[in-house]
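For reference, the structure discussed in these notes is given below.
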Ligand SMILES: [Zn+2]
């Protein structure tokens, strides 16, 4: 069965009839796991599962051999497309089916496909639960989290596995590879099916509040106002222009909240969020420092006060140059140009980078659309991804 056809089948397995949604430990996830299990077995792989809902499918090599892990996740956001996550798992199965049994037998390493049970974190508002259970990094705070109905994560995991002993530990893996749809428009614009990821961007999330003074919209002269919303608006545009003039920087104000909004009142307080990402951590910190001083000078100029709260900071993850070169050469076998791009979105490779050198392959997706039913990668691009992973394995074996 073609990988693209499997993507359609897997994409039809959902927690809800009207849209694609598969969240951690849900009925849809169990059905999807059973389907993956069947395809992995059909590919002559030895399949094991863990108590976190992950599946691992391994070539028939002794445990003592070096290990290449190729994986991604099979949970989804609500209203998802069929390719985010699923592509990385199914393309890996397809790649092992592309290699002959003889080629597999003579590999100087084992290959294991990891199908991770939760990357999106929809149910418990977490990140990389499945891959962290496999690579270490599950915290007590994760287990205490509750879903919207009050169920704790801990209650879904058998007691003996709540602090999982990691399947993957540092120094044991040759590498971790992950193929994923780009979830952005760059490859489509370049008119190329595949690209190599250089780094997964680090991220800072902050909440910012501008506070001024409420005043009557009719009676307060313009030069006597302390308009919190106007200050926030100036900050939004400052963040946008900093990101526009700094290569690879993206900055987004996604929430803007006026306290007690009324059409005839000058806003007294405005809250906003900032999401800022860059593949280089020092550029990210410099950009944050610049925007903090911008916020301060906007507040000063307008007679406002401002508060800045950093909500979350994640470091960038650099892809391994040697592993990336192997995948790059595999792409180059069928594509005249091999673009290198950074990933603005997080992936399981972030959790796996704690235990292995990581490399990622991006696949063109239509319009850059993701986390939406219109998400689409063509059968030809999916086939190119499968072929490239197979070629990558051959090349790694010759190293
Ligand atoms: Zn994903």
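The values are calculated or read from the model by the stated rules, or taken from the named source; none is laboratory data. Note that the structure is a prediction, hence the values are computed from the model and not measured. Cβ: placed from backbone, ideal geometry, glycine included. Neighbour counts: every protein chain shown.
One line per residue, one yes/no per condition, for (1) under 23 Å from the mean Cα position of the chain (by Cα); (2) surrounded by fewer than 18 Cβ atoms within 10 Å (Cβ to Cβ); (3) farther than 18 Å from residue 207 by Cβ:
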{"position": "252", "(1), (2), (3)": "yes, yes, no"}
{"position": "255", "(1), (2), (3)": "yes, yes, no"}
{"position": "262", "(1), (2), (3)": "no, yes, yes"}
{"position": "267", "(1), (2), (3)": "no, no, no"}
Filtering segment 26-42 for residues that are more than 16 Å from residue 75 (Cβ to Cβ) and crowded, with 18+ Cβ neighbours inside 10 Å leaves a count of 2
Check whether at least one residue in segment 286-309 is touching a residue at least 24 places away in the same chain (Cβ under 8 Å), within 16 Å of the ligand (Cβ to nearest atom) and within 25 Å of the chain's Cα centre (by Cα), and report yes or no.
no
Looking at the structure I just gave you, is residue 193 modelled with pLDDT under 95 and either within 16 Å of the ligand (Cβ to nearest atom) or surrounded by 19 or more Cβ atoms within 10 Å (Cβ to Cβ) (or both)?
no
Determine, yes or no, whether residue 80 is over 14 Å from residue 178 (Cβ atoms), modelled with pLDDT of 95 or more, out of contact with any strand residue (DSSP E or B) (no Cβ under 8 Å at 6 or more places or on another chain) and crowded, with 24+ Cβ neighbours inside 10 Å.
yes
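For every residue, the table says whether it meets (1) part of a helix (DSSP H, G or I); (2) farther than 26 Å from residue 12 by Cβ.
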site: 51; (1), (2): no, yes
site: 57; (1), (2): no, no
site: 64; (1), (2): no, yes
site: 82; (1), (2): no, no
site: 87; (1), (2): yes, no
site: 94; (1), (2): yes, no
site: 111; (1), (2): no, yes
site: 137; (1), (2): no, yes
For residues that are within 16 Å of the ligand (Cβ to nearest atom) and buried (at least 22 other Cβ atoms within 10 Å of the Cβ), scanning just segment 157-183, find the one that is farthest from residue 331 (Cα to Cα).
176
Could you count how many residues in segment 69-100 are on the phi > 0 side of the Ramachandran plot and more than 14 Å from the ligand (Cβ to nearest atom)?
1
Output yes when any residue across segment 219-230 is under 30 Å from residue 316 (Cβ atoms), in the same structural domain as residue 288 (by TED's automatic domain parsing), part of a helix (DSSP H, G or I) and in contact (Cβ under 8 Å) with a residue 40 or more places away in the chain, and no when none is.
no
Mind checking which residues of segment 111-125 are away from the ligand (no atom under 14 Å from the Cβ) and either outside the structural domain of residue 53 (by TED's automatic domain parsing) or surrounded by 20 or more Cβ atoms within 10 Å (Cβ to Cβ) (or both)?
111, 112, 113, 123, 124
Would you call residue 382 within 16 Å of the ligand (Cβ to nearest atom), surrounded by fewer than 22 Cβ atoms within 10 Å (Cβ to Cβ) and assigned by TED's automatic domain parsing to the domain that holds residue 135?
no
Quick one: residue 244 ticks every box in (1) farther than 16 Å from residue 294 by Cβ; (2) exposed (fewer than 13 other Cβ atoms within 10 Å of the Cβ) bar one, so which box is it?
(1)
